1. Scan region 38-96 residue by residue and report those that are touching a Gly at 6+ places or on another chain (Cβ under 8 Å), open to solvent by less than 20 Å² (accessible area, probe 1.4 Å) and more than 15 Å from residue 174 (Cβ to Cβ).
2. Restricting attention to region 167-183, does a residue exist that is in contact with a Lys or Arg (Cβ under 7 Å, 6 or more places away or on another chain), in contact (Cβ under 8 Å) with a residue 12 or more places away in the chain and either farther than 26 Å from residue 19 by Cβ or open to solvent by 20 Å² or more (accessible area, probe 1.4 Å) (or both)?
3. What single numbered condition from (1) open to solvent by 30 Å² or more (accessible area, probe 1.4 Å); (2) under 13 Å from the mean Cα position of the chain (by Cα); (3) not hydrophobic (A, V, I, L, M, F, W, C) fails to hold for residue 138?
4. Between 48, 126, which is modelled with pLDDT under 90, out of contact with any Lys or Arg (no Cβ under 8 Å at 6 or more places or on another chain) and in a strand (DSSP E or B)?
5. Look at region 97-117 and say how many of its residues are open to solvent by 20 Å² or more (accessible area, probe 1.4 Å) and at negative phi.
6. Name the pairs whose Cβ atoms lie under 7 Å apart, with the first residue in region 100-112 and over 17 Å from residue 133 (Cβ atoms), the second small (Gly, Ala, Ser) and at pLDDT below 90, and 6 or more positions between them or separate chains?
7. Among the residues of region 1-20, what is the count of those that are at pLDDT below 85 and surrounded by 15 or more Cβ atoms within 10 Å (Cβ to Cβ)?
8. Out of all the residues in region 53-82, which are part of a strand (DSSP E or B) and either closer than 30 Å to residue 206 by Cβ or modelled with pLDDT under 90 (or both)?
Amino acid sequence: MAKKDDPDISGRVLSRVVPGGQLTLSGGVVATAGAIDSWELGTAGTYTMVCSRNRIDLSGYSLQDKTVFFQGVLNQDIGTVQGFNAGGGVCQLLNLVTTTPVSLADLSSLQSDGFGWLLPGASQSTFNLDNVVQGRLRQYEQLSTTSFISQTAMSTYGSGDSTAADRLYITTALIYPTNVDGTIFIPDQAYVMPIMIAEEPELEYMMRLTRSLEPVY
């Protein structure tokens, strides 16, 4: 790998803002959706799921046979997640940055024990963890002292591996119990990624290119 003081290295910041919106469910079925209309609708076990899938073009670097080295992924809420859940239950919000595309099927399963979302990159998933730059999962639930939902847990994961591919994929997904009524507001989600761009020796570059272009399954 090239070193930071190598003159062939340059730094950039990649960013993408995913529009949020208000999602209202009746009996687990989407009744109304604000700006979130552009999101896709699906299911994950006993949960309703909505997701937004976007990508960032890296072809300008790949055409020059350069590698993108991630210095981190900053997941940002431009606002706060708010909601009212009249029927109880738990909802979970996933932010995911990957080097290969994520399908609806990759997001649509629960763990084999039925407890918990089967996230892309998990041991039971067919999606390879090596393709996950970073994932962040937050859990919201209605507390006994209030009718509003509050964040109760958060986890992050991912390989942080570099890529020689010509695209980077951004996935935002929410699961919500199918048997409840409720409303949740998701603010715009910002993905900010400081990167370094550098040329690698030919052998290392070809090996990285092969990993970057491998199919997910």
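1. 73
2. Yes; the residues of region 167-183 include at least one that is in contact with a Lys or Arg (Cβ under 7 Å, 6 or more places away or on another chain), in contact (Cβ under 8 Å) with a residue 12 or more places away in the chain and either farther than 26 Å from residue 19 by Cβ or open to solvent by 20 Å² or more (accessible area, probe 1.4 Å) (or both).
3. Only one criterion in (1) open to solvent by 30 Å² or more (accessible area, probe 1.4 Å); (2) under 13 Å from the mean Cα position of the chain (by Cα); (3) not hydrophobic (A, V, I, L, M, F, W, C) is unmet by residue 138, namely (1).
4. So the residue among 48, 126 that is modelled with pLDDT under 90, out of contact with any Lys or Arg (no Cβ under 8 Å at 6 or more places or on another chain) and in a strand (DSSP E or B) is 48.
5. 11
6. What qualifies is 104/42; 108/42; 108/44; 109/44; 109/45; 110/44; 110/45; 110/116.
7. Residues in region 1-20 being at pLDDT below 85 and surrounded by 15 or more Cβ atoms within 10 Å (Cβ to Cβ): 2 in total.
8. Once the filter is applied, which keeps residues that are part of a strand (DSSP E or B) and either closer than 30 Å to residue 206 by Cβ or modelled with pLDDT under 90 (or both), region 53-82 yields 53, 54, 55, 56, 57, 67, 68, 69, 70, 82.
The values are calculated or read from the model by the stated rules, or taken from the named source; none is laboratory data. Nothing here was measured: the structure is a model prediction, and the numbers come from that model. Note that each Cβ is placed from the backbone with ideal geometry, even for glycine, and that neighbours are counted across all protein chains shown. Note: accessible area is taken over every heavy atom of the protein model, side chains too, but ligands, DNA and RNA are not part of it. Shrake-Rupley method; radii C 1.70, N 1.55, O 1.52, S 1.80 Å.
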